[in-house]
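The values are calculated or read from the model by the stated rules, or taken from the named source; none is laboratory data. Source: prediction; values computed, not measured. All Cβ positions, even for glycine, are placed from backbone atoms using ideal geometry, and neighbour counts span all protein chains on display. In case anyone asks, the SASA skips ligands and DNA or RNA and just uses the protein heavy atoms, side chains included. Shrake-Rupley method; radii C 1.70, N 1.55, O 1.52, S 1.80 Å.
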Amino acid sequence: MSIRDSNVVIIEVGRTVVRAGLGLHDLLKTPSVEIPACVGLRRNTLGDNVDSQINGGLNGSDEQMASTSRATSTFPQTASPTAAVKDYLVGPQLDEALANGQDIIVSWPFADGGVSDWTQAEAIWKHILFTHLQRRRVQNESPILFSITPGASRDTYERICQIFFERFNVAGFAILERPMAQLYAANSLSGVVIDIGDEVTDITPIYDGFIQHNARTSVALGIRHCQNYVANLLRSNQFVVNALSPPENPLAPETLHATLLELVKQLWKDDQIKIPSDGETALPEDEGVMDIAAVVVAGREKAVIESTQKKKNATKQTEAERKRERDVEAMDLITVQFREHSLTIGKERHRFCEPLFDPSLLLDLPGTAALNPALEKPLPLQEVVGHVVNQTEVDQRQYIWHGLLVTGDITRHVKGIGVALQSRLASFINNPELITDIQPRSIRVLSVPDYYAEYHKTGNGYAAFLGSSITAKIIFSEQNGKNYVSKADYTSKGPHAIIEMTPSLL
């Protein structure tokens, strides 16, 4: 079967977000669809016996509040045996219903890394294919490359394959585990992928193109823990607190905290946070002699003259003025617009990722208990990564350490997390008492190469989508089609065909 690149669909399913795109181009593009991985169900759809139809009962008022807003501190998973695919609201439909104040039960079917409700999952995938990507079920010529959280059972693979062929009538289907796709995007086959999510960070070691499932793990640390930490730091900024909660009309403590969380989210989304590595220092300025000929050839004479004049003017400043400028620069102040307020934020914002490396900072902070209802005490990220790699075979470790890839939505906006983690992992490879040919000697930080022009400014945040696109371009162009399920394969073998066509399952 001949497959056109323009018909290929990429669907990436994460714990809290689903991304998709149509078509493979010479310059691989970023996803055109990005929606929260949740569905909504109108409470009146279930009739009178609401509580008996929803798992967990939702009898308590706290649970009901937690399930009717996307701004909750956890991602509730609720299910109704009687609800059909058409009953669920997805994407903009759900946003509109929540904005109008409708009584909506929200559920996140992929939040635990698997699929907690198949009807809800089908509603999300159907919405993406037929509403966003405008595919037609009757004449669906699109093959699907589907990337999913690792560790799914064979039954899960078969169930997903069955839904896409029998419910969506796709032309072909293949499944790829997300960490593998992320590593492909960084042009490597071995490494350890650290995927930082909203409330969970997944750590996956990979050797020679195969995930080492026995060592893979997750830690209950994520973006929301970092947001909560900085929000509490901002409480000591009286200028910010007084602007958001005036003494004459103060906000309730819970409302103030929610407002500060929203402010912190805006800060990292606007690329206002930097993460210095452990012991990192600024590079010295170049004091070399200027190459006048090179300046003239480049046509930069005017710029150089203006720069020189500015330096001369700067020398005329008084020592007090220079000291004042240095003090202001050291404070690293920025002014942001937030809710009709002009707020001045200091360098405390750069402490955003500290909880990842030292979770003890979260102890007893307001909001922490809600993020960690199981009262777990997570280990620092560097210790978990070190432990994960040490669970792999001894002769594999030097290759895995040579591919440290930090990914997740946060890496689209906050740069340098990989370097910061690298410096904290040095103790796991330095062993002067053990010097052998298989002893790891260095840790190399990976990133998406610059030659992917569309991904140049997105960090590693879209690595899974890029890796899936690369894989789709390869497997769907194969003449024999050995790595994806065609309609003919599905007709003759049924859902089990996906097991035979997925190398990682063999």
Open item on the list: Longer than 21 Å from Cα to Cα, which of K265/K415; K126/K487; K29/K274; K415/K473; K269/K473; K265/K347 are they? Say none if no pair is.
Closed with: K29/K274; K415/K473; K269/K473
Task: Environment charge of F465, counting only residues whose C-beta is closer than 11 Å and scoring Lys/Arg +1, Asp/Glu -1 - done: 0
Open item on the list: Counting only protein heavy atoms and a 1.4 Å probe, tell me what percentage of region 190-232's accessible area is made up of carbon and sulfur.
Closed with: 41 percent
Task: For region 190-213 and region 444-498, distance of Cα centres in Å - done: 17 Å
Task: Per-residue HN-Hα couplings for region 23-38 [Karplus 6.51, -1.76, 1.60; θ = phi - 60°; Hz; x = Gly/Pro] - done: x, 10, 10, 4, 9, 4, 9, 6, x, 8, 10, 8, 10, x, 7, 9
Task: For region 151-192: rounded, prolate or oblate by the Cα gyration tensor [a/c cutoff 1.5] - done: oblate
Task: Prolate/oblate/rounded call for region 120-235, Cα gyration tensor, a/c under 1.5 rounded - done: oblate
Task: Under-5 Å amide H pairs with L176, H placed in peptide plane, nonlocal only - done: F146, S147, I148
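Per the 1.4 Å probe, what fraction of the accessible area of region 68-160, in percent, lies on carbon and sulfur atoms?
Values: 1770 of 3990 Å².
Ligands and nucleic acids excluded, carbon and sulfur give 44 percent.
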